[in-house]
1. Can you tell me which residue in region 163-191 is surrounded by the fewest Cβ atoms within 10 Å (Cβ to Cβ), limited to those that are at pLDDT below 90 and in a strand (DSSP E or B)?
2. If the Cβ limit is 9 Å and pairs must be 6+ apart or interchain, which residue in region 203-229 that is farther than 13 Å from Leu184 by Cα and among the hydrophobic types (A, V, I, L, M, F, W, C) pairs with which residue that is open to solvent by less than 20 Å² (accessible area, probe 1.4 Å) and not in a strand (DSSP E or B)?
3. Looking at region 137-150 only, could you name the residues that are over 20 Å from Leu82 (Cα atoms) and either surrounded by fewer than 15 Cβ atoms within 10 Å (Cβ to Cβ) or in contact with a Cys (Cβ under 8 Å, 6 or more places away or on another chain) (or both)?
4. (1) surrounded by fewer than 12 Cβ atoms within 10 Å (Cβ to Cβ); (2) under 29 Å from Lys193 (Cα atoms): which one isn't true of Gln154, the others all being true?
5. So which of Leu107, Leu186, Leu178 ends up being farther than 30 Å from Lys66 by Cβ and free of Cβ contacts under 8 Å to residues at least 24 places away in the same chain?
6. Tell me which residues, restricted to region 201-220, are open to solvent by 60 Å² or more (accessible area, probe 1.4 Å) and either among the small types (Gly, Ala, Ser) or not in a loop (DSSP other than H, G, I, E, B) (or both).
Amino acid sequence: MTTPVDHHRRYSPLDDRRHRRYMGPPISTSSSAASFKGCCCCLFLLLTFLALLAVAVALVVVLVLKPKKPQFDLQQVAVQYLLIDSTTAALGGAQPPAAYLSLNITLLFIANNPNRVGIRYEAAALEMMYGGVPLGVATVPGFEQPAESRRLVQTRVVVDRFNVLQADALDLVRDVALNDRVDLRLTGDVAAKILVLGLSSPRVQVSVDCAIVISPRKQSLIYQQCGVD
């Protein structure tokens, strides 16, 4: 004989306690939020401390070392050759004149570091121009320079039959024929950074702006002058 099952058994508080024991203690969301806020505060304080430390180090460098802007000056220009190939007007001036310029010159710079710490120069490209038109580029490689030192830096500009614009062709041919001179301009920026304890300072721009006058007949330098940065 089977005992009938009571489908309408009443709820007992003992069952609720057993259920809680199996499910574990309730999770408190307030403690998790508090720990997250604590981590954020610690991170903020750490970043603030690092920022203040960086500012303090920068002030020490400025007040103690007194960094100065490095110098990058053009010292010498050696002319290998400068050739002008011109065509005169034909058929009563129906065809405008043209001029082709070829040159090969060597540029010698002096990099001067007056600081008591080393500096690092980045690679630079200086433009050789005639009449405001770029002819070629003098590439300066990047290098590091010790404190309170001078260093020679050599580069070269090579141009092969550059077609001078018609507006400047007449001036170029006239200057060569009458004055035996070609006026060139070397311009560009050289970036440098001061090195302190393995760290580099913000970039400093050293400008190069030089006037160069060359004699095509003598294949030599007539005049050079660089502006003060």
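The values are calculated or read from the model by the stated rules, or taken from the named source; none is laboratory data. Since the structure is predicted, the reported quantities are computational estimates derived from the model, not experimental observations. Neighbour counts are summed over all protein chains in view; Cβ atoms, including those assigned to glycine, are modelled from backbone coordinates with ideal geometry. Accessible surface is based on the protein model in full, side chains and every heavy atom, while ligands, DNA and RNA are left aside. Shrake-Rupley method; radii C 1.70, N 1.55, O 1.52, S 1.80 Å.
1. Asn163
2. From region 203-229, the pairs are Val204/Pro70; Val206/Pro70.
3. Within region 137-150, Pro141, Gly142, Phe143, Glu144, Pro146, Ala147, Glu148, Ser149, Arg150 qualify.
4. Condition not satisfied by Gln154: (1).
5. From the options Leu107, Leu186, Leu178, the qualifying one is Leu178.
6. Hits for region 201-220 are Gln205, Asp209.
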